Amino acid sequence: MNRPYNFSAGPAAIPAEVLEQAAAEMLDWHGSGMGVMEMSHRGKEFISIYEQAEADLRELLAVPAHFKILFMQGGGLAENAIVPLNLSHAGTVDFVLTGSWSQKSLKEARKYAAQAHVAASGESGQFTSLPPAASWELSRGASYLHICSNETIHGVEFHELPDLKALGSDAPLVIDFSSHVASRSVDWSRVGLAFGGAQKNIGPAGLTIVIVREDLLGHALPACPSAFDYKIVADNQSMFNTPPTWGIYIAGLTFQWLKRQREGELTGIAAMEQRNIAKAELLYRSIDQSQLYLNKVAPNCRSRMNIPFFLRNEALNDAFLTGAKERGLLQLKGHKSVGGMRASLYNAMPLAGVQALVDYLHAFEQQHA
Ligand SMILES: Cc1ncc(COP(=O)(O)O)c(C=O)c1O
């Protein structure tokens, strides 16, 4: 089936193969007589789905054995509270502000940490670049430092995670990788905890993935709800409460799909990373070469996943979106806080979809020259 290309920032496109398999298994999963949504999370059928999904994610992202993978509920915004409830020790926590999502995280952490300190901020430049790590003012003895490694709204991405040890800090690095999880490899030697909602690169909304270093478990504040205490969740294999079973199942199918991806010699995440670089380069090049479109982000930190762009003549915005929809290019409207357009190029977006968008950008510009 030929489907339109969906550029939504999330919930976002899911690979057609995954949806087709889920549809085929909807009424009867593997001869069990049950659909996955109807199964007990403690039955052997679901346990096998869960274990496979966890093992595949560990393999794909090369997650070391001393990290726990947790499948939780609550989304990225709940993690903004759950992280300080578990990791702050009610002390000082540091934040690097690079856009709307890290700002929201800071605001929430202020409720739980004794002090939430802004180590650096890109706000004065309207979040069009990342403050260089050498300029960060790190607190001595901070419980952790939080960054949003890909800002979905402002379109800035840390292409390399900061090395806090090299900056003289022992604080664990917390990353919100909601909008680029599984799009590239992760250097776990630099990470204490990573969290992200599934609904952009992995599956449906409702599943939250947390990957946390074991030594950070077991320090939750007394007020932390049991269902959100990472140690309790880890000790119960993410089944202290009923986990988001459907989300875990679809994520598992997506992980299998990821493992099948190939680019030349590369497979899995390495193949995706190369494809994502090629997709983003194609679109940025087309924007930069045009007279009509504009992306304001510094080239060294442009997101490969979320590409905001503006029409220099904003009166053409509606015509642009209408024409895009007619061509089967969906959900290109920018976030309401920044306006303009945004193309999200998650893993499920093929290069052909980006090429179709680039062709449209060109045709629309010619038509309105
Ligand atoms: C980077 C980032 N963090 C957090 C969130 C919030 O996630 P949720 O809506 O799942 O709580 C989003 C949502 O778009 C996001 O892009």
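The values are calculated or read from the model by the stated rules, or taken from the named source; none is laboratory data. Please read these numbers as outputs of a predicted model, since none were measured by experiment. FYI the Cβ positions are ideal-geometry reconstructions off the backbone, even for glycines, and counts take in every protein chain you see. Note: accessible area is taken over every heavy atom of the protein model, side chains too, but ligands, DNA and RNA are not part of it. Shrake-Rupley method; radii C 1.70, N 1.55, O 1.52, S 1.80 Å.
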Of the residues 203, 196, 218, 247, only one is within 15 Å of the ligand (Cβ to nearest atom), part of a loop (DSSP other than H, G, I, E, B) and modelled with pLDDT of 95 or more; which? 203
Count - residues of region 206-215 that are over 11 Å from the mean Cα position of the chain (by Cα) and either within 16 Å of the ligand (Cβ to nearest atom) or farther than 21 Å from residue 172 by Cβ (or both): 4
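Please count how many residues of region 72-94 are away from the ligand (no atom under 14 Å from the Cβ) and either in a helix (DSSP H, G or I) or at pLDDT 95 or above (or both).
So the answer is 8.
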Please go through region 111-125 and give me each residue that is part of a loop (DSSP other than H, G, I, E, B), surrounded by fewer than 24 Cβ atoms within 10 Å (Cβ to Cβ) and aliphatic (A, V, I, L, M), ordered by number. 114
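Residue-by-condition table, conditions (1) open to solvent by 30 Å² or more (accessible area, probe 1.4 Å); (2) assigned to a loop (DSSP other than H, G, I, E, B); (3) at positive phi:
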residue	(1), (2), (3)
274	yes, no, no
278	yes, no, no
285	yes, no, no
320	no, no, no
339	no, yes, yes
343	no, no, no
349	no, yes, no
359	yes, no, no
363	yes, no, no
Since residue 108 meets every condition but one in (1) among the acidic types (Asp, Glu); (2) part of a helix (DSSP H, G or I); (3) more than 16 Å from the ligand (Cβ to nearest atom); (4) in contact (Cβ under 8 Å) with a residue 12 or more places away in the chain, which condition does it not meet? (3)
Residue list for region 323-334, restricted to those being part of a loop (DSSP other than H, G, I, E, B), under 22 Å from residue 304 (Cβ atoms) and open to solvent by 50 Å² or more (accessible area, probe 1.4 Å): 331
Go through (1) in contact with a Leu (Cβ under 8 Å, 6 or more places away or on another chain); (2) in contact (Cβ under 8 Å) with a residue 24 or more places away in the chain; (3) surrounded by fewer than 20 Cβ atoms within 10 Å (Cβ to Cβ) one by one and return the number of the condition residue 5 breaks. (3)
Would you confirm, using the coordinates I've provided, whether residue 147 is within 11 Å of the ligand (Cβ to nearest atom), modelled with pLDDT of 95 or more and either in a loop (DSSP other than H, G, I, E, B) or within 30 Å of residue 39 (Cβ to Cβ) (or both)? no
Residues of region 150-161 being of a type outside the set (D, E, K, R) and either touching a residue at least 40 places away in the same chain (Cβ under 8 Å) or outside the structural domain of residue 200 (by TED's automatic domain parsing) (or both), which ones? 150, 152, 153, 154, 155, 156, 158, 159
Looking only at residues in region 56-110 that are of a type in the set (A, V, I, L, M, F, W, C) and farther than 25 Å from residue 225 by Cβ, which one is surrounded by the fewest Cβ atoms within 10 Å (Cβ to Cβ)? 65
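Per-residue answers, yes or no, for (1) on the phi > 0 side of the Ramachandran plot; (2) open to solvent by 10 Å² or more (accessible area, probe 1.4 Å):
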| site | (1), (2) |
| --- | --- |
| 161 | no, yes |
| 173 | no, no |
| 183 | no, no |
| 188 | no, yes |
| 193 | no, no |
| 206 | yes, yes |
| 219 | no, yes |
| 231 | no, yes |
| 245 | no, yes |
Near pairs, Cβ below 9 angstrom, 6+ apart or cross-chain, from region 85-102 (more than 21 Å from residue 121 (Cα to Cα) and assigned by TED's automatic domain parsing to the domain that holds residue 171) to any residue that is of a type in the set (Val, Ile, Thr) and open to solvent by less than 20 Å² (accessible area, probe 1.4 Å): 86/212; 87/93; 87/174; 87/212
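Every residue, every condition in (1) among the aliphatic types (A, V, I, L, M); (2) part of a strand (DSSP E or B), yes or no:
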{"residue": "49", "(1), (2)": "yes, no"}
{"residue": "53", "(1), (2)": "yes, no"}
{"residue": "59", "(1), (2)": "no, no"}
{"residue": "69", "(1), (2)": "yes, yes"}
